[in-house]
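Here the structure comes first, spelled out in structure tokens, and everything after it is commentary.
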Amino acid sequence: MDAALAMPGQTPASLRAKALWAAGALAFPQGDHERMAVLASEAYELALQSKDRMDLRNALTSKGMVDMVRARYENALPRFREAVAICRQLGLSWQLGTSYLNLGTALLHAGFDEEAVSTLREGLRVYGELGDDVFAARIHNTMAHAALARGDIAEADRLAREALSSAAQQGERQGVGDGLQTLAAVAAARSDADRAATLTGAASAVREVIAARPGPFDVAIPRRFLENIEKTVNGERWNRSWQAGHALSIEAAVAYALA
């Protein structure tokens with residue numbers, strides 16, 4: 001993508017804006033947030049010149065995600081709200097569902113739990129109409145984070161299991177890693193340190209396989225529970241369980257988590 005963007009010559013604003021959005025989408029899971037910010041700024045300027053409204057939606061999304069990784073959640077809200085509004089005008093699309101997912105996530109971290117859940121449900125409805133089980137699972141996992149944040153551990157467990165099961169059926173390893181970590185947080189909330197450590201190790205192994213670095217906000221809520229439980233046990237015991245989980249195959253990790 002960098003090589004394509006560096007090619008000389010004139011490029012239509014809309015075409016370059018799309019390439020910048022794609023490059024930013026690759027920078028995010030690699031944890032290259034500074035590069036993502038640079039790409040988002042240029043994409044936004046070009047999107048303002050484009051006649052394709054989806055270019056503006058994508059650029060607003062990129063700038064909102066930069067706010068998210070910098071923990072500026074309230075700054076992300078107007079960008080994501082505008083992205084939703086643009087998509088609603090354009091009709092049913094994956095981008096509409098994902099704009100609801102992004103807005104719901106920002107609302108959750110900004111402290112607006114009820115609006116976050118209702119927004120996520122709208123995204124779930126869109127993904128259901130599209131038949132997108134992969135992203136429906138991601139919404140279920142985010143809703144599990146919301147349940148954890150409000151202390152509804154049983155609901156968090158139910159949602160995380162549903163998300164993990166669906167991701168595993170789809171062979172979607174990012175979703176598997178996310179689901180394993182959320183269930184680790186559920187175990188931590190129930191004071192089961194060994195299970196929490198095992199699932200944390202398993203989630204780490206999955207993410208290593210796909211070279212994925214989740215955004216800080218994607219792990220913030222589970223991490224609070226995991227850091228608290230880790231402080232209550234001997235370090236050697238935690239590491240032993242973590243290593244046991246890390247050594248599991250993806251299939252074995254999923255089976256352990258759902259047992």
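Key figures
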{"item": "Helix-only [θ]222 nm of the chain, DSSP H runs n ≥ 4, -39500 (n - 2.57) each, per residue, nearest 500", "result": "-26500 deg cm²/dmol"}
{"item": "Rounded to the nearest 20 debye, dipole of the stretch 26-72 from Cβ charges on Lys, Arg, Asp, Glu", "result": "180 debye"}
{"item": "ARG224 versus SER14: modelled label distance in nm, points set 7 Å from Cα along the beta carbon direction", "result": "4.4 nm"}
{"item": "Size of charge dipole - the chain - debye, nearest 20, with Cβ of Lys, Arg +1 and Asp, Glu -1, no other charges", "result": "220 debye"}
{"item": "Residue-span extension gain [ASP133 to SER41] - 0.36 nm each, minus C-alpha spacing", "result": "30.0 nm"}
{"item": "Cα-based helix-to-principal-axis angle, 113-130 vs the chain, degrees rounded to 10", "result": "70 degrees"}
{"item": "Per residue accessible area of the chain, 1.4 Å probe, in Å²", "result": "47 Å²"}
{"item": "Positive dipole terminus of the stretch 56-135, leading residue within MET68, PHE112, VAL134 (C-beta point charges)", "result": "MET68"}
{"item": "Of ASP132, ASP67, ASP113, the one that fluctuates the most in a GNM where the chain has Cα springs shorter than 10 Å", "result": "ASP132"}
{"item": "Tilt relative to the chain, helix 94-110 - C-alpha long axis, 0 to 90 degrees, to 10", "result": "60 degrees"}
{"item": "Rough spin-label spacing in nm, given labels placed 7 Å along Cα→Cβ, for GLU115 and GLN30", "result": "3.5 nm"}
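The values are calculated or read from the model by the stated rules, or taken from the named source; none is laboratory data. This one's a predicted model, so the numbers in the text were calculated from it and none came from an experiment. We place every Cβ from the backbone using ideal geometry, glycine too, and count neighbours over all the protein chains shown. Side chains included, ligands, DNA and RNA excluded: accessible areas come from the protein's heavy atoms. Shrake-Rupley method; radii C 1.70, N 1.55, O 1.52, S 1.80 Å.
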